[in-house]
Ligand code: SF4
């Protein structure tokens with residue numbers, strides 16, 4: 001899987017209230033949520049972001065609540081991937097569960113700048129900065145996570161599992 | 001092994017597990033609320049399972065925007081109600097019977113020591129106070145677990161926090177955990193299990209333990225846990241409806257890090273905007289004026305918290321520049337507070353008292369802040385926009401400090417009042 005896009009850069013500890021404020025959680029419609037993505041971190045962001053863009057952030061991205069609305073809002077806004085130094089753990093599992101590929105890389109988070117064009121080789125864990133002509137490595141994705149992403153997320157994975165182990169034929 | 005590793009091992013039928021391993025484990029209870037259950041329900045239907053794994057092990061609690069604050073919230077709550085009827089769920093709590101989930105489930109004896117609990121709510125880690133492994137997950141995890149009774153986990157490394165020394169007056173579980181988060185930071189325990197122990201913890205009452213474990217997530221923790229003892233035994237004995245088991249940590253268990261705190265040096269503290277780790281002694285913040293005080297939430301909305309606030313505010317009036325909102329966390333707590341005359345104390349002080357709800361804690365309803373307003377709250381998060389407008393501010397404290405601040409119209413300590 002190769003992901004290519006333009007970068008929006010954020011800092012450390014971007015919490016789920018910044019990604020999708022609780023005041024919009026009286027709905028779980030992805031399109032509605034996407035209208036407010038990252039709004040409390042950057043008011044203009046929902047108007048600026050384009051399909052295919054990539055978010056780069058510092059440490060502890062997605063900290064705070066367990067709301068799956070956060071990765072859903074990101075995905076529904078067309079953002080292909082998030083690269084951060086580290087992720088809060090519930091955000092991490094939610095992203096894989098809904099099939100949003102995310103990557104951890106200190107180097108990429110430090111060196112990539114707003115507006116850079118990057119290309120992620122998900123299988124190899126390599127992030128290329130096309131604008132700067134640099135290359136960084138991301139932490140390898142654990143095999144189980146690869147399994148989840150290639151199954152298309154946890155629901156499809158569970159569906160398969162139920163068929164094979166819970167309802168033996 | 002640590003208590004966390006033992007509980008996880010038992011739930012995947014293994015003798016042993018070690019940190020870093022990915023396991024599939026059986027869950028004892030699955031929880032979701034009016035924000036997270038709707039997604040879980042939609043995803044569950046996609047799986048095509050013929051039934052839920054166990055109708056008495058799935059708890060649906062509408063508490064965030066309930067009593068339904070607007071039409072959209074009402075539609076979400078209705079999804080929980082309809083699904084609960086369709087699948088005959090035994091643990092659906094309707095308005096009038098509900099409370100804030102993390103206060104309600106332990107109170108009702110629905111969670112027992114040794115359990116493995118997942119909830120589509122980050123503060124699910126609260127139940128570690130009972131000696132259970134409990135962690136917040138997403139709605140999709142809940143959907144999958146509702147079908148299979150299982151969930152995937154990475155076995156966390158454990159980090160030990162040892163508390164010793166006598167607690168100062170007006171210092172409680174909230175101060176200990178805020179102090180700890182202030183020390184290690186909001187990602188200081190990322191992916192880890194936080195195990196609280198030491199002589200101070202062993203004499204700490206259950207409500208304070210629940211407050212501490214509740215905020216493990218605010219340090220990035222996967223869970224907070226306290227090895228069960230006589231205090232646990234006393235708390236669960238009179239409530240639980242299922243058999244339970246006490247697990248302990250082995251003496252030679254491995255911890256990635258051990259930290260010690262001398263509690264006699266910890267004063268009442270406040271977490272300043274906009275991170276729970278931005279902790280300062282309350283006594284250094286007297287110049288901070290406030291517009292609103294909130295006493296409630298899954299962190300500090302229990303009867304002991306209300307007693308503490310009432311003790312400070314009894315016979316006094318809320319400052320004319322301040323709105324004070326008191327929210328008992330469950331119906332049972334509400335009733336008990338009426339019986340003890342606490343509600344009268346609050347109303348006489350000119351505070352408003354609400355039916356149980358999360359409400360202002362997440363900026364939902366029942367006390368949302370305007371631009372530029374400032375609140376002190378006994379809740380657990382003070383992120384940008386958490387209680388309302390992105391340019392409002394939230395300070396976090398224990399109930400006594402919050403009540404004292406309500407009287408003074410600025411951040412205050414109970415000593416100034418009593
Ligand atoms: S009281 Fe606040 S932190 Fe607790 S469950 Fe409700 S919204 Fe979440």
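Readers should treat all values here as calculations from the given coordinates under stated rules, not as data from a laboratory. Owing to the predicted nature of the structure, the values given are computational and were not obtained by experimental measurement. With ideal geometry, Cβ positions are generated from the backbone for all residues, glycine too; neighbour counts draw on all protein chains shown.
Looking at segment B:374-405, which of the residues that are closer than 23 Å to residue B:416 by Cβ and away from the ligand (no atom under 16 Å from the Cβ) is nearest to the other protein chains (Cβ to nearest Cβ)?
B:393
Determine which single condition residue B:68 fails, assuming it passes every other condition in (1) farther than 24 Å from residue B:335 by Cα; (2) away from the ligand (no atom under 14 Å from the Cβ); (3) within 11 Å of chain A (Cβ to nearest Cβ).
Every condition holds for residue B:68 apart from (1).
Mind listing whichever residues of segment A:111-151 are in contact (Cβ under 8 Å) with a residue 24 or more places away in the chain and within 11 Å of chain B (Cβ to nearest Cβ)?
A:145, A:148 - these are the residues of segment A:111-151 that are in contact (Cβ under 8 Å) with a residue 24 or more places away in the chain and within 11 Å of chain B (Cβ to nearest Cβ).
Tell me, yes or no, whether segment B:85-102 has at least one residue that is within 13 Å of the ligand (Cβ to nearest atom) and assigned to a helix (DSSP H, G or I).
Looking through segment B:85-102, at least one residue is within 13 Å of the ligand (Cβ to nearest atom) and assigned to a helix (DSSP H, G or I).
Among the numbered criteria (1) part of a loop (DSSP other than H, G, I, E, B); (2) more than 14 Å from the ligand (Cβ to nearest atom), which one does residue B:367 miss?
(2)
Is one or more of the residues making up segment A:81-91 touching a strand residue (DSSP E or B) at 6+ places or on another chain (Cβ under 7 Å) and assigned to a helix (DSSP H, G or I)?
Looking through segment A:81-91, at least one residue is touching a strand residue (DSSP E or B) at 6+ places or on another chain (Cβ under 7 Å) and assigned to a helix (DSSP H, G or I).
Are any residues in segment B:124-152 surrounded by 24 or more Cβ atoms within 10 Å (Cβ to Cβ), more than 14 Å from the ligand (Cβ to nearest atom), more than 9 Å from every other protein chain (Cβ to nearest Cβ) and assigned to a strand (DSSP E or B), and if so, which ones?
Hit for segment B:124-152 is B:133, nothing else.
Every residue, every condition in (1) within 16 Å of the ligand (Cβ to nearest atom); (2) closer than 21 Å to residue B:401 by Cβ; (3) under 19 Å from the mean Cα position of the chain (by Cα), yes or no:
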position	(1), (2), (3)
B:245	no, no, no
B:260	no, no, no
B:266	no, yes, no
B:277	no, yes, yes
B:281	no, yes, no
B:304	no, yes, yes
B:322	no, yes, no
B:328	yes, yes, yes
B:331	yes, no, yes
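What's the number of the condition residue A:114 fails, among (1) closer than 27 Å to residue B:222 by Cα; (2) loosely packed, with under 14 Cβ neighbours inside 10 Å?
Every listed condition holds for residue A:114 apart from (1).
State all residues of segment B:105-123 that are assigned to a loop (DSSP other than H, G, I, E, B) and within 14 Å of the ligand (Cβ to nearest atom); if no residue qualifies, say none.
B:120, B:121
Which of the residues spanning segment B:258-285 are away from chain A (no Cβ under 14 Å), part of a strand (DSSP E or B) and surrounded by 18 or more Cβ atoms within 10 Å (Cβ to Cβ)?
Result: B:261, B:269, B:270, B:279.
Can you tell me which residue is nearest to the other protein chains (Cβ to nearest Cβ) among those in segment A:42-52 that are over 28 Å from residue B:42 (Cα atoms) and outside any helix (DSSP H, G or I)?
By that ranking, first place goes to A:43.
Hey, does segment B:44-53 have a residue that's in a loop (DSSP other than H, G, I, E, B) and out of contact with any helix residue (DSSP H, G or I) (no Cβ under 7 Å at 6 or more places or on another chain)?
Yes.
May I ask you to verify whether residue A:39 is in contact (Cβ under 8 Å) with a residue 12 or more places away in the chain, touching a helix residue (DSSP H, G or I) at 6+ places or on another chain (Cβ under 7 Å), within 28 Å of residue B:69 (Cα to Cα) and at the interface with another protein chain (Cβ under 7 Å from one of its Cβ atoms)?
Considered against the rule, which asks whether it is in contact (Cβ under 8 Å) with a residue 12 or more places away in the chain, touching a helix residue (DSSP H, G or I) at 6+ places or on another chain (Cβ under 7 Å), within 28 Å of residue B:69 (Cα to Cα) and at the interface with another protein chain (Cβ under 7 Å from one of its Cβ atoms), residue A:39 comes out as no.
Quick check, is residue B:297 within 14 Å of another protein chain (Cβ to nearest Cβ), surrounded by 18 or more Cβ atoms within 10 Å (Cβ to Cβ) and away from the ligand (no atom under 16 Å from the Cβ)?
Spelling it out, it is not the case that residue B:297 is within 14 Å of another protein chain (Cβ to nearest Cβ), surrounded by 18 or more Cβ atoms within 10 Å (Cβ to Cβ) and away from the ligand (no atom under 16 Å from the Cβ).
Could you please find all residues in segment B:339-356 being within 14 Å of the ligand (Cβ to nearest atom) and on the phi > 0 side of the Ramachandran plot?
Residues satisfying the conditions do not exist here.
Anything in segment A:53-71 that is over 12 Å from the mean Cα position of the chain (by Cα) and assigned to a loop (DSSP other than H, G, I, E, B)? List them, or say none.
Answer for segment A:53-71, where residues must be over 12 Å from the mean Cα position of the chain (by Cα) and assigned to a loop (DSSP other than H, G, I, E, B): A:58, A:59, A:60, A:64, A:65, A:66, A:67.
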